[in-house]
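Asks: Take this structure, written in structure tokens, and hold onto it; I'll ask about it next.
The values are calculated or read from the model by the stated rules, or taken from the named source; none is laboratory data. What you see is a predicted model, and the numbers here were worked out from it, not measured in a lab. Positions of Cβ are backbone-derived with ideal geometry, glycine not excepted, and every protein chain shown enters the neighbour counts. Protein only, heavy atoms only, side chains kept; ligands, DNA and RNA dropped before computing areas. Shrake-Rupley method; radii C 1.70, N 1.55, O 1.52, S 1.80 Å.
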Amino acid sequence: MAALMIEHVLAQAEKDEAEKLKLISVDKELELQFDLGNLLAIDPNPADVKAFRQQNREVFLRSLARDNTQLLINQLWTLPTQRVEEAVVATLPDPSTRLPREKPIPKPRAPTRWEEFAKLKGIKKKKKTNLVWDEVSKEWRRRWGYKRANDNTKDWLIEVPATADPNEDQFSKRVKAKKERVAKNELNRLRNLARADKGKIPGVGLTPTEQPSRDDLGKAMHVAKRSTASAGRFQDKLPKEKEPKNMGKKRKFQPLLGDFGAEKNKQLEILKVMDSKKPKLDVNKAVNRQMREEDAEASAKRKKPFKKGGRGKQGGKKGKGRGPVRGGKGQGGKRRK
Amino acid sequence: MRPLTDEETRTMFEKLSKYIGENIKLLVDRPDGTYCFRLHNDRVYYVSEKILKLATNIAREKLVSLGTCFGKFTKTQKFRLHITALDYLAPYAKYKVWVKPGAEQSFLYGNHVLKSGLGRITENTAQYQGVIVYSMADVPLGFGVAAKSTQECRRLDPMTIVVFHQADVGEYIRHEDTLT
């Protein structure tokens, strides 16, 4: 009885074992192709169309997927494994299938203003060595940064230039200049960013200058005046203040094919204004007219005696009225006749 | 190509009014169709609306000319009349000068009109008045500026200049390549 029981149990165990083995071993006519790096298995076997049609499709597909997954898992177990905190971890080989990238390729950084200019002018970057020989410390040092060679911030003495104010602190001047350079660089960096973003670049406004010119001062005044909450609308004007040039208004033209009637009316209006501006009394014209009238009168007078003399026989009267010169002329006329 | 600004229109009208006075109105306001002034390459063209609309199909740098060129704006924004405007100015001319047949050629070669070549002149012409120059057969030859008033012309010796030359139809040959 006991032996029978044991036999039975053993048979049962063997059966279970076979069942288990059947669960993890899958038979395929063609070997699957694996890309373990991507956890990918490709099944080249043709699908059993008959079974697919006869069986419940869902069940068929699920069992097929299960089998193939099993094969993939089996393959994974062949990889070298290690235990990390109660979990068995397999190291995957490099993926052999190339997948398209998820995101588009990042755009190259927009060139800065200097880079654009350098390209235009054909200026090439020259590589400089990183290390420079420092004469003072007698060793090779970096060109820039901490513990750099020929560090001019470590100068203990600065010669005062001949043109400089002797009471000026050259050290603080140097520090200030450096700070300004840094600030300017930062500003340019931000402007480059804004430019790359196609955003509106804020105007630089006014950069401090050593000796501001007349134009600079005018500009500064203009900027200061407009820097109120109401954009300078209520700001008083100085007696002889002029608006700075090239500010604000841009010239705008009428459309090429606009309203022809309106254009005509505008031109007629201009003509009307031009006409009304003409002086009513044209001095030149008036003088000319006067001269002409005088001329006409004079010539009439000159001709008068000549004609009369020719026409009638009243020479006696003429001779009485006029001087001898006139008479002579009259005679000449007679002689001609 | 664009319409003239008010400023440009005024400068041009002031120049035109020296020759045709208030007759500019007849150029602006025409009963036979819509005509307008357009600026292209600093030159002012007098174009009918129809041709203007056709010309819009041509790219700016390819467009050489359209309508009638009246003149051009200099870089100092002054207006210079071109000889091509003569056809429109001659019918409306207020002050005319007729040149004797012998002096015609001299004028057409770009010389000033001398007293000896002066055939007739409109009465009442003031000094420095814009005038249209005609041949004795009433063919418009060009335009100029009266150097002397009509009155003064009478008592001049024959070699003095009466009309300063500005433009003449000889330019059609002399400046063939630049006239548009």
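Asks: For the stretch B:74-87, what are the residues that are touching a strand residue (DSSP E or B) at 6+ places or on another chain (Cβ under 8 Å) and surrounded by fewer than 18 Cβ atoms within 10 Å (Cβ to Cβ)?
Replies: Across the stretch B:74-87, the qualifying residues are B:THR74, B:ARG80, B:ASP87.
Asks: Another one. Does at least one position in the stretch B:95-103 carry a residue that is within 30 Å of A:ASP295 (Cβ to Cβ), open to solvent by less than 20 Å² (accessible area, probe 1.4 Å) and of a type in the set (A, V, I, L, M, F, W, C)?
Replies: Checked the stretch B:95-103: at least one residue is within 30 Å of A:ASP295 (Cβ to Cβ), open to solvent by less than 20 Å² (accessible area, probe 1.4 Å) and of a type in the set (A, V, I, L, M, F, W, C).
Asks: Oh, and also: Here's a check for you: in the stretch A:227-237, which residue that is of a type outside the set (Lys, Arg) and open to solvent by 100 Å² or more (accessible area, probe 1.4 Å) is farthest from the other protein chains (Cβ to nearest Cβ)?
Replies: Going through the qualifying residues, I end up with A:ALA229.
Asks: Can you name the residue in the stretch B:100-114 that is touching a strand residue (DSSP E or B) at 6+ places or on another chain (Cβ under 7 Å) and touching a residue at least 60 places away in the same chain (Cβ under 8 Å) and, of all such residues, is farthest from B:LYS148 (Cα to Cα)?
Replies: Once the filter is applied, the top-ranked residue is B:LEU108.
Asks: Here are the criteria: (1) touching a Leu at 6+ places or on another chain (Cβ under 6 Å); (2) within 12 Å of chain A (Cβ to nearest Cβ); (3) of a type in the set (A, V, I, L, M). Tell me which single one B:VAL133 does not satisfy.
Replies: Among (1) touching a Leu at 6+ places or on another chain (Cβ under 6 Å); (2) within 12 Å of chain A (Cβ to nearest Cβ); (3) of a type in the set (A, V, I, L, M), B:VAL133 violates only (2).
Asks: Also, quick follow-up: Could you pull out every one of the strands (runs of 3 or more DSSP E) wholly within the stretch A:82-189 that has 1 or more residues that are farther than 30 Å from A:LEU39 by Cα?
Replies: In the stretch A:82-189, the matching strands (runs of 3 or more DSSP E) lie at A:131-134, A:139-142.
Asks: Filter the stretch A:279-303 for residues that are at the interface with another protein chain (Cβ under 9 Å from one of its Cβ atoms) and either open to solvent by less than 80 Å² (accessible area, probe 1.4 Å) or of a type outside the set (S, T, N, Q) (or both); which is farthest from B:GLN127 (Cα to Cα)?
Replies: Selected residue: A:ASP295.
Asks: I would also like to ask the following. Determine which member of the set A:PRO255, A:PRO244, A:PRO208, A:PRO212 is more than 30 Å from B:GLU152 (Cβ to Cβ) and within 14 Å of chain B (Cβ to nearest Cβ).
Replies: Sole residue among the options that is more than 30 Å from B:GLU152 (Cβ to Cβ) and within 14 Å of chain B (Cβ to nearest Cβ): A:PRO255.
Asks: How many of the residues in the stretch A:258-278 are within 26 Å of B:ALA126 (Cβ to Cβ) and either of a type in the set (Lys, Arg) or more than 7 Å from chain B (Cβ to nearest Cβ) (or both)?
Replies: Total meeting the criteria: 5.
Asks: Would you say A:LEU71 is under 30 Å from A:GLU29 (Cβ atoms), open to solvent by less than 100 Å² (accessible area, probe 1.4 Å), not in a loop (DSSP other than H, G, I, E, B) and not small (Gly, Ala, Ser)?
Replies: yes
Asks: Looking only at the stretch B:9-45, how many residues end up being touching a residue at least 12 places away in the same chain (Cβ under 8 Å), of a type in the set (S, T, N, Q) and within 9 Å of chain A (Cβ to nearest Cβ)?
Replies: 2
Asks: Would you list the strands (runs of 3 or more DSSP E) that sit entirely within the stretch B:61-180 and hold 1 or more residues that are on the phi > 0 side of the Ramachandran plot?
Replies: So the answer is B:68-73, B:140-146.
Asks: If B:PRO91 satisfies all but one of (1) open to solvent by 40 Å² or more (accessible area, probe 1.4 Å); (2) touching a helix residue (DSSP H, G or I) at 6+ places or on another chain (Cβ under 8 Å), what's the number of the condition it fails?
Replies: (2)
Asks: Tell me which of these A:ASP215 doesn't satisfy, since it passes every other one: (1) at pLDDT below 85; (2) among the acidic types (Asp, Glu); (3) not in a helix (DSSP H, G or I).
Replies: (3)
Asks: Right, something else. Those residues that are part of a strand (DSSP E or B) and hydrophobic (A, V, I, L, M, F, W, C), I need them from the stretch B:1-50; list them, please.
Replies: B:CYS36, B:PHE37, B:LEU39, B:VAL44, B:VAL47
Asks: Taking only the stretch A:154-167 into account, find how many residues are more than 27 Å from A:SER137 (Cα to Cα) and surrounded by 11 or more Cβ atoms within 10 Å (Cβ to Cβ).
Replies: Selection size over the stretch A:154-167: 1.
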